[in-house]
Structures are given as C-alpha cells and as structure tokens.
Amino acid sequence: MPKLTETFAKKLPHAKAGTDKYWDAEIRGLVLFVGKRSKTWYFQKDVGGQTKRILLGRFPTISAGAARQTALGFALEMGRGAGKVAQIGAPTLVAAMEVYLARPKLRSDAHKSGTRQQIELHLKDWLRLPLDEISKAMVVRRHQEMAKTPSAANHVLRSFRAIYNHARRTCDLGECPAIAIEWFEDNPDGRIINDLKDWRATIDGLDNPIHRVFYELLLFTGLRKTEALTLQWQQIQEDRIHLPMTKNGRSFDLPIFQLHHEILAPLRPLGRKWVFPSPKSVMGHITKPERLKYNPHMHRRTFATVAMEAGVLEEIVGRLLNHTPLSITGRRYVRPSLDALRPAMQMGCDELVKRTGAQW
C-alpha cells in the first residue's frame, strides 16, 4: 500500500468503471475513493462487526495533508473507544435502491420491477457509487444525455431522487443533487380512440385470439396494461375483478357483468392460471401484446371518456379507474361499495357496445 501524499493523489487516474480504493500505508483507515470523475477521502474502520465510514471531503478541495491529519484524529478517537459515534458511510445507489424498493407500502410489484430496471439501465455506472459521491453536475449531465426521451429522463431521475431522499432518513446525507435539474416539460399523450367502428375492425383482424380478447377487455374495463396482462382466473369472480395490489399501493375491485364474461369466454379453455397465457413467456403470460395503432393506454382513456359522455360523473369515472381522489374527503372518508359503482359501469359499457357495434 502506498503513502497517500498530495503528489500520489494528483497522479492517480480516474476509474474507468465503478470506484477504485487506495488505502494509506501509514494511517490505518485512511482511504481515497477514485471514481470516474471525482476523488474522495474517507476514514473507515470496522467497529463491532459493522463498517463505520466517515466522509472527509473531496480531493483537491481537501488536501492529502488535511485528510491525513483528520484521519489520524479519528484513529486516536476510535482507539479510545469513541468509534460508536462515527458516522456510517453513505450507502451505494444499488444498496439504497434495494432498501427503498423493500418498503411494504411501495405500490405494486410491477412498479418496483420497473423502477429497478430503469435505474439499472440508465444509471448503471452509478450503482456502486456511494450516494454522497453523486454530484449535482452528474445528475444534470445524465438528465441532459437522455433529452431525446424527456419523459424517461424525468422518470429515471425522479426515481433516483426518491431513493436518495429515502436514504436520508437514516444516513447523514446532504440535499439531493437532483435539486439542480431543470425538468423537461411533461406532455401527456392524451389520445383516445375516436373511431370505435374502426377499432372493432382492427381487433377482429388480429390473428391471435388471446391478443384480441386482451384489447377488448382493456376497452370495456379501463384496466391498466400490466393489470390486465397479469390477471389470473382466480381474480375473475362472478360480479367483480379483484386486483390484490395496484399501482397506488392498495387492492381494488372492479364491477363486471355478463358482457365481460362473454369477452373472456374464448380464453377459458387455454389455461388454469393466467387469463392471457403464453407458453413462450418465462412469466407464463403474454408480456408484449401485438402492437396496434391504438396503444393500451388509449383504451383506458377511451373507456373513461365514453363513460363520462354517457352521463357518468367524473368523480365516479375516477373510482372506476382506481385513481386516488384529490380531496381529503375522497381519500380518507368516501368508500363507495361495489354495488354503488355498478350502474356507472353499466352505463359506460352500454355506450361502448353501441359505438363499437360489438356482439358476443
């Protein structure tokens, strides 16, 4: 191990990937973390089976001499039994992400899986970095690098912000560096299916009956794409579809009628577990239905629009979509029964049948 001098620290090349660590030959516990863009001093020691790490500062703002002097002071304190008060080092992004995703109230498994996939894809080179080594300049640069997909850029860095701020509850971290980001303007798609007769012809033209039923169920329930894809037959009851966990972190029951059972009838003989089975999928169900000019979320918007045009109140449409109400009364007090929502569901479906010319 070398002696970590000013000259040695200056000459060290930045890491090509991850973080390189250089330990001092004289002061036990002094270490220089060298990342792709920064060099950071730490003092680290194992106390009672737990690693304690104290951030000393970035090089060259904190010189080698200053870092050595500070580290020596900590070494003396720990030698006198003061180690228990030392700050536990900041977790890496991957460690903080796993703790964040383990929260029992964090939405659905699909949401957790999506967050993990996005972080691992777009922030792969940060995963092993301690959170306090991820700077404002780094997050701003990464956000700009993703400018071709502004919605994805916002989503990924907001997920990073949520993970970082969750870690702040238990770690001594500064303000989240994502505060420096100028967020891209979000422009929701907003399209609906205006010509439902054309939609009917498009659906009837699909060769795969599983995909055909998938899109029909989306239109006549307003379910989210993932909610529909992962449906199991045990969730399809006589008077409802039961979703044990949804995007907003709670279960949901959607009223259904004979119409919905008739839509699903062709798939009953195809499998016992999954409503939309796929022998080629590792999951056991289809994950990528055939792409149409009418994307899955357009079906959800169309369900909501047609229901409201049929006379259903906007607030009730929101309940059928399992949206979280904006008002305190709506969130905490109002709990409409399945039977109370049934007439609204019937009105919306009747209007959709009329506009599509559907027959089952």
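Rolling a 1.4 angstrom probe over the protein heavy atoms with all chains in place gives segment 207-360 an accessible area of 54 Å² per residue. Exposed loop sites here are GluC sites (Glu not before Pro) assigned a DSSP state other than H, G, I, E or B and surrounded by at most 12 other beta carbons within 10 Å; excluding them, the longest clear run of the chain is 27-174. For R141, the solvent-accessible surface with a 1.4 Å probe is about 90 Å², rounded to the nearest 10. Estimated at the nearest 10 Å², the accessible area of S251 is 60 Å² with a 1.4 Å probe. Helices of the chain meeting both criteria, an alpha-carbon length of 24 angstrom or more along the long axis and an average Kyte-Doolittle score not below -0.5, with helices taken as full DSSP H segments, are 150-167, 338-356.
In the elastic network of the chain, a GNM with C-alpha springs shorter than 10 Å, the most mobile of L264, L219, L121 is L121. Per-residue accessible area (protein heavy atoms, 1.4 Å probe) orders K293, K112, K288, K21 as K288, K293, K21, K112, starting from the largest. Distant-in-sequence amide contacts of I241, defined by a placed amide H-H separation under 5 Å and a gap of 5 or more residues or a different chain, comprise L254, I256.
Taking label positions 7 Å along the Cα-Cβ direction at both M283 and D125, the computed distance is 3.1 nm, reported to one decimal. Using a Gaussian network model of the chain in which every pair of alpha carbons under 10 angstrom is joined by a spring, one finds that among R331, R250, R301 the greatest mean-square fluctuation is at R331.
Quick query: amide H of H285 versus all other amide H atoms, modeled in the peptide plane; which residues come in under 5 Å with a sequence gap of 5 or more or a different chain? Amide H to amide H, under 5 Å and 5 or more residues apart or across chains, H285 pairs with S278.
With each label modelled as a point 7 angstrom along the Cα→C-beta vector, the E77-Q117 pair spans 4.6 nm. Under 13 Å from a label point set 7 Å out along the Cα-to-Cβ vector of A17, the amide N atoms of segment 125-151 belong to 125-128. One decimal place: the segment T61-E290 gains 76.9 nm when fully extended, by the rule 0.36 nm per residue minus the C-alpha distance. Shown for the chain: the carbon plus sulfur share of the solvent-accessible area, taken with all protein chains present and a 1.4 angstrom probe, equals 52%. Per residue of the chain, what 222 nm ellipticity follows from adding -39500 (n - 2.57) for every DSSP H run with n ≥ 4, rounded to the nearest 500? Value at 222 nm, helices only: -12500 deg cm²/dmol.
Each residue of segment 313-323 is assigned a 3J(HN,Hα), and the resulting list reads 5, 4, 4, 6, 4, x, 5, 5, 7, 6, 7 Hz, derived from the Karplus form 6.51 cos²θ - 1.76 cosθ + 1.60 (θ = phi - 60°), x at Gly and Pro.
The label-point distance for V353 and N208, in a model that sets each label 7 Å from Cα toward Cβ, rounds to 2.9 nm. For the set H211, H323, H122, solvent exposure ranked by accessible area (probe 1.4 Å, protein chains only) runs largest to smallest as H323, H122, H211. Per-residue accessible area (protein heavy atoms, 1.4 Å probe) orders Y42, Y22, Y333 as Y333, Y22, Y42, starting from the largest. Counted residue by residue at 0.36 nm each, then reduced by the alpha carbon distance between them, the extension gain from T5 to R37 reaches 9.6 nm. With a cut-off of 12 Å on the backbone N, the residues of segment 258-274 near the modelled label site 7 Å out from W233 along Cα-Cβ are 265-274.
The values are calculated or read from the model by the stated rules, or taken from the named source; none is laboratory data. Because the structure is predicted, anything quoted here is derived from the model rather than measured. Here Cβ is always computed from backbone atoms with ideal geometry, including for glycine, and neighbour counts include all displayed protein chains. When the accessible area is computed, the model is the full protein with side chains, heavy atoms only, and any ligands, DNA or RNA have been set aside. Shrake-Rupley method; radii C 1.70, N 1.55, O 1.52, S 1.80 Å.
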